[in-house]
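Contents: one structure, followed by commentary.
The values are calculated or read from the model by the stated rules, or taken from the named source; none is laboratory data. Remember, it's a predicted structure, so these values are computed and weren't measured experimentally. Every residue, glycine among them, receives a Cβ derived from its backbone with ideal geometry; neighbour counts consider all protein chains shown. SASA here: full protein model, heavy atoms, side chains in, ligands and nucleic acids out. Shrake-Rupley method; radii C 1.70, N 1.55, O 1.52, S 1.80 Å.
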Amino acid sequence: MKEPSRKKVPNQSYGFYEQPQQEPGSCYWPPINHVDGLYSDDAFDQNHLPSEAFKQYCNLESSSGTNSYPHQNSSSTASFTSNGSPSSHQECHSYPIDLYHSPDNNCGSPISRSCLTDDAADDLRHKIRELETAMLGPDADGLDVYSITEPIHPLLPVQDAGWKDVADIISRRDLKEMLCACARAIDENDMLTGEWLVSELRGMVSVSGEPIQRLGAYLLEALVARTASSGSSIYKALKCKEPIGAELLSYMHVLYEICPYFKFGYLSANGAIAEAIKGENRVHIIDFQIAQGNQWITLMQALANRPGGPPKVTITGIDDSTSAFARGGGLEIVRKRLLILAESLKIPFEFHGIAGSASEIQREDLKVQPGEAIAVSFSLVLHHMPDESVGSQNHRDRILQLVKSLSPKVVTVVELESNNNTAPFLSRFLQTLKYYTAVFESIDVTLPRDHKERINVEQHCLARDIVNLVACEGTERIERHELFRKWRSRLFMAGFKPHPLSPFVNATIEALLKNYCDKYTLEERDGVLYLGWLNQNLVTSSAWI
């Protein structure tokens, strides 16, 4: 008997959240270059078009985050037989099986043959509402959720061998493997497989579970958003809010304290700048992402203690609407904070604020004066600038060339060691999974899994970037990281030469890492510092002249 072919569904566009248009932005990082050894290369070697294949949506809410999940019974118009093929039984039951413990994630669960019906849709819709409230806060009450309107039909043609493969994947209960299978199904526009895997994954992820369960929760949300064409809306809605007073600042402060990523970048950049401006009487620092201005506190303290007295310091801070939203106000807040600091240190000080996108900066905006020693800081900001792969203008190279024309004493670049700018969807998903696994594991060793601040940090400072990386394409994808070797090529083309960091800077970073888990790694290659977690490089820091 001839086997029927699997149903393919054309791309469709559905809304997930109805959001007012807001400026995109980012609070923190995200993904990696090599996924060798994670899964077989031949399984993910095709460049597929983005797909938006299925209409059924999942939530991040799950069981308690342990390795034990409740069995379910529900009536359905579709279920799956023991061989993994769809059947038309009216009753759908969950069948317990031995827990499978993956060597990677220790995440096990009995198989749950979840079947989606109108009743299940009501329950799913309720759980999505709970998820939105958890992730977006009370404002989620005003959002519209698109409900499930077309349950899986039991008679849709399928390919038995394909369903058996999916059933085997599900039976192993390996969360990473299932997430990757789901991403591949979405990439191939395979609606039924995607729905099946989403329904199973819903019971395996948890925002308060193991690191892979927590990451899986946000990746699952991103996959669903991709099928619903809602990634951009979620990214904008999840921008780092300031719900109560300076609560957001506390989220970022927690992240700053529990992980060395920010401190690594700030200390290494400040060390390079301090060396480059020795003996200068007028210093002009141009910060392309001023944020809270915290990077310059330690540098100004060092300048205040300089033999012969401190120089006159001018800081030009470039800011976007997301940072202003996070602070609860514009650049005046940063100006006052740094002015108070300068007065206490008796440093002559000026602050120039530029409210707008760093990509749009022109030379005249910077107000550089003759005789100033110029230092430029690019801390986790260049990857937000679009290049030729996004539009007709290559802002990355243009900004670097503009900065070179200023003849700066030093330029510092801190970026994530990641490769997802032009990567196709499936490759980008695998990189995001591997990169953020290291990030979530590093957080896990510092804060308990049920710690409210940890959940807030991950939801407000990490989840939004994950959604943008996985769910968005084209101009809507703001998170576009490149490996250091690509940044090096861009800097060389702009006329820069590498300026190796001094042994003193390296020693300072090594001393910093002693205050953290010994799983963090620090490596210097050709004057560039690489900060990592186990065998995964996460952040690079370099200096240029």
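In this structure, is T475 closer than 23 Å to S268 by Cβ, polar (S, T, N, Q) and open to solvent by 20 Å² or more (accessible area, probe 1.4 Å)? It is false that T475 is closer than 23 Å to S268 by Cβ, polar (S, T, N, Q) and open to solvent by 20 Å² or more (accessible area, probe 1.4 Å). Of all the criteria given as (1) closer than 13 Å to F429 by Cβ; (2) β-branched (V, I, T); (3) open to solvent by 10 Å² or more (accessible area, probe 1.4 Å), the one not satisfied by V207 is (1).
Taken together, V414, V410 contain a single residue that is crowded, with 23+ Cβ neighbours inside 10 Å and in the same structural domain as V376 (by the TED database), which is V414. When you scan region 427-445, do you find a residue that is without any contact (Cβ under 8 Å) to a residue 60 or more places away in the chain and open to solvent by 60 Å² or more (accessible area, probe 1.4 Å), even just one? The answer is no; no qualifying residue exists. One residue stands out among those in region 364-405 that are assigned to a helix (DSSP H, G or I) and without any contact (Cβ under 8 Å) to a residue 40 or more places away in the chain: the one that is farthest from E417 (Cα to Cα), which is E364. Condition check: in contact with a strand residue (DSSP E or B) (Cβ under 8 Å, 6 or more places away or on another chain) and part of a helix (DSSP H, G or I). Does E482 satisfy that? When the stated conditions are applied, E482 does not pass them. Name the single residue that is nearest to E372 (Cα to Cα) among those in region 338-357 being part of a helix (DSSP H, G or I) and open to solvent by 70 Å² or more (accessible area, probe 1.4 Å). If we take residues in region 338-357 being part of a helix (DSSP H, G or I) and open to solvent by 70 Å² or more (accessible area, probe 1.4 Å), then E343 is nearest to E372 (Cα to Cα). Do we find that D320 is buried (at least 19 other Cβ atoms within 10 Å of the Cβ) and within 26 Å of V539 (Cβ to Cβ) in this structure? For D320, the condition - buried (at least 19 other Cβ atoms within 10 Å of the Cβ) and within 26 Å of V539 (Cβ to Cβ) - is met. Within region 270-294, being within 19 Å of I399 (Cβ to Cβ) and under 27 Å from the mean Cα position of the chain (by Cα) holds for I286, D287, F288, Q289, I290, A291. Answer yes or no: is there a residue in region 388-407 that is open to solvent by 20 Å² or more (accessible area, probe 1.4 Å), at positive phi and not small (G, A, S). Checking region 388-407: not a single residue is open to solvent by 20 Å² or more (accessible area, probe 1.4 Å), at positive phi and not small (G, A, S).
All conditions but one from (1) modelled with pLDDT of 90 or more; (2) open to solvent by 10 Å² or more (accessible area, probe 1.4 Å) apply to L197; the one that does not is (2). Under the condition of being open to solvent by 50 Å² or more (accessible area, probe 1.4 Å) and under 13 Å from Y266 (Cα atoms), which residue from region 287-307 is modelled with the lowest pLDDT? Looking at residues that are open to solvent by 50 Å² or more (accessible area, probe 1.4 Å) and under 13 Å from Y266 (Cα atoms), I get N294.
The lone criterion from (1) touching a strand residue (DSSP E or B) at 6+ places or on another chain (Cβ under 6 Å); (2) assigned to a loop (DSSP other than H, G, I, E, B) left unmet by Y516 is number (1). For the structure I just gave you, tell me whether E257 is at pLDDT below 95, surrounded by fewer than 24 Cβ atoms within 10 Å (Cβ to Cβ) and in contact with a helix residue (DSSP H, G or I) (Cβ under 8 Å, 6 or more places away or on another chain). No, not satisfied. Residue selection: V470 fails the criterion of being assigned to a helix (DSSP H, G or I), open to solvent by less than 10 Å² (accessible area, probe 1.4 Å), outside the structural domain of S208 (by the TED database) and of a type in the set (V, I, T). Taking into account only those residues within region 206-247 that are modelled with pLDDT under 95 and of a type in the set (V, I, T), which is farthest from T437 (Cα to Cα)? Top of the filtered list is I244.
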